[in-house]
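Notes for the one structure printed next.
The values are calculated or read from the model by the stated rules, or taken from the named source; none is laboratory data. Predicted model, so just to flag it, every value in this text is computed and none were measured. Note that we place each Cβ from the backbone using ideal geometry, even for glycine, and neighbour counts take in every protein chain shown. The accessibility values were calculated without ligands, DNA or RNA, using every heavy atom of the protein model including side chains. Shrake-Rupley method; radii C 1.70, N 1.55, O 1.52, S 1.80 Å.
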Amino acid sequence: MFKRIIVVVLDGVGVGELPDADKFHDLGSNTIANVANAVGGLNLPVLQQLGLGNIISIKGVDVVQNPLANFGKAKEISAGKDSTTGHWEIMGLPTQSPFPTYPNGFPLDIIRKFIEKTGCKGVLGNKAESGTVIINELGEEHLQTKFPIVYTSADSVFQIATHEDVFSVDELYEICKIAREDIFVGKNRVGRVIARPFVGDKNGNFQRTSDRKDFSIDPPGKSVLDFVKNKSMDVIGVGKIEDLFNLQGLTESVHTHHNDEAVETLLNFMKKMREGLIFVNLPDFDTEWGHRNNFRAFAEGLEAFDRKLQSIIDEMQKDDILIITADHGCDPTTSSTDHSREYIPILAFGKNLKKGINLGIRETFADIGATISDYLCIENPKSGKSFLPLILKK
């Protein structure tokens, strides 16, 4: 018997504000329910049968009497609401100190050090802004001055955008590496330094390319990924998992860029992988729709995933467990374009699992990691409580 667990993170698909949401300016956020209300209801037949509508009230997604999966939601105990802290906590590494953010731009000492260390003559931007907006605001000036465009968001990120005719992709990666290793350390240790190459010839038609690269920090200790890997099992990351964990704990990784590509890559791995963990991030809910307040596209993306989900279920072996969850919220119906401090959903399905068990409100995302550890019979992480005993058939 070969045991496999597939964890699919719907990036940003939260299920309601956490009790401390006011401290994060997120009162009223409820990503999936608010999206459903905004479009007049969602059509998610597969997720409905699994029990999504049993977790919270979602217009168009009914409560079912006998859901096929086990269902619940989880609180975040980490001091943050970003992808890094969310994924780390899922895998047993909650963070007590939030990563630094720079909503008013980066201090002059950081900018001066960046210019000195990289040899750039100056920078443009230095503010919190959408990446697609800022390259079309400053792209022409960048072409003239050769100054990199630096910017941030509500997340703990330092982003560098350069045109491929000004900096080659490798040159951009090099200055990002310098920023990661020499500047953003200590009290300024941001979660990610991100390379954002773009192309085009004038403001209005500049577009980012698919050569984005994240320079992340190492997790603060061993995660569930490490424990599984150390048992000589496969640990496969799909999407930005490799960035969030800086490749730590992975035996193989494919950096997909969009939801459909991630699902197809998952299906390919399910056909050939024997034992271990596949950890998948579906980014579009967050990057393409949540941050841009595009609730209609967000709804369409949920329905597109639902249409693909049956293929994942059909590919499952009898001892597989599928866990569908999220890492935070990113409510596109509020005035904010930031992540939102929300519960995450948990749907746990397997052909040899019980069905329809209400997992309740889990006290930490790390209960997912503890459940993975429990099922694969590896060392349990320090954080989290396995819900496997509730759902595993005797």
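Would you mind finding the one in Ile324, Ile372 that is in a strand (DSSP E or B) and not small (Gly, Ala, Ser)? Outline the logic, then answer.
Numbers: Ile372 fails: in a strand (DSSP E or B).
That would be Ile324, the only listed residue that is in a strand (DSSP E or B) and not small (Gly, Ala, Ser).
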| What are the residue pairs meeting all of these: first residue in the stretch 105-121, first residue over 20 Å from Ile134 (Cα atoms), second residue assigned to a loop (DSSP other than H, G, I, E, B) and of a type in the set (Phe, Trp, Tyr), Cβ atoms under 6 Å, and 6 or more apart or on different chains? | none
| So, in the stretch 208-256, of the ones that are closer than 24 Å to Glu171 by Cα and open to solvent by 70 Å² or more (accessible area, probe 1.4 Å), which residue ends up modelled with the lowest pLDDT? | Ser210
| note | Those residues of the stretch 269-312 which are surrounded by fewer than 17 Cβ atoms within 10 Å (Cβ to Cβ) and either polar (S, T, N, Q) or under 30 Å from Ile378 (Cβ atoms) (or both) amount to Lys271, Lys272, Arg274, Glu275, Asn293, Asn294, Gln310, Ser311
| Just checking, how many residues over the stretch 83-105 are buried (at least 24 other Cβ atoms within 10 Å of the Cβ) and either touching a strand residue (DSSP E or B) at 6+ places or on another chain (Cβ under 7 Å) or assigned to a helix (DSSP H, G or I) (or both)? | 8
| query | In the stretch 128-158, which residue that is among the β-branched types (Val, Ile, Thr) and in contact with a helix residue (DSSP H, G or I) (Cβ under 9 Å, 6 or more places away or on another chain) is surrounded by the most Cβ atoms within 10 Å (Cβ to Cβ)? | reply | Ile135
| query | Which one is farthest from Lys355 (Cα to Cα) among residues in the stretch 39-55 that are out of contact with any Lys or Arg (no Cβ under 6 Å at 6 or more places or on another chain) and free of Cβ contacts under 8 Å to residues at least 60 places away in the same chain? | reply | Gly40
| Within the stretch 182-220, restricting attention to residues that are in contact with a helix residue (DSSP H, G or I) (Cβ under 6 Å, 6 or more places away or on another chain), among the aliphatic types (A, V, I, L, M) and assigned to a strand (DSSP E or B), which residue is nearest to Phe147 (Cα to Cα)? | Ala195
| field | Residues satisfying the stated conditions in the stretch 11-38, i.e. in contact (Cβ under 8 Å) with a residue 60 or more places away in the chain and open to solvent by 10 Å² or more (accessible area, probe 1.4 Å) | value | Glu17, Asp20, Lys23, Phe24, His25, Gly28, Asn30, Asn34, Asn37, Ala38
| message | Going residue by residue through the stretch 322-331, is there one that turns out to be more than 18 Å from the chain's Cα centre (by Cα) and either open to solvent by 10 Å² or more (accessible area, probe 1.4 Å) or among the aliphatic types (A, V, I, L, M) (or both)? | response | no
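Looking at Asn43, is it open to solvent by 20 Å² or more (accessible area, probe 1.4 Å) and outside any loop (DSSP other than H, G, I, E, B)? It would help to see each step written out before you state the result.
Numbers: open to solvent by 20 Å² or more (accessible area, probe 1.4 Å): yes; outside any loop (DSSP other than H, G, I, E, B): no.
No, not satisfied.
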| task | May I ask you to say which residue of Ala161, Ala179 is part of a strand (DSSP E or B) and open to solvent by less than 60 Å² (accessible area, probe 1.4 Å)? | result | Ala161
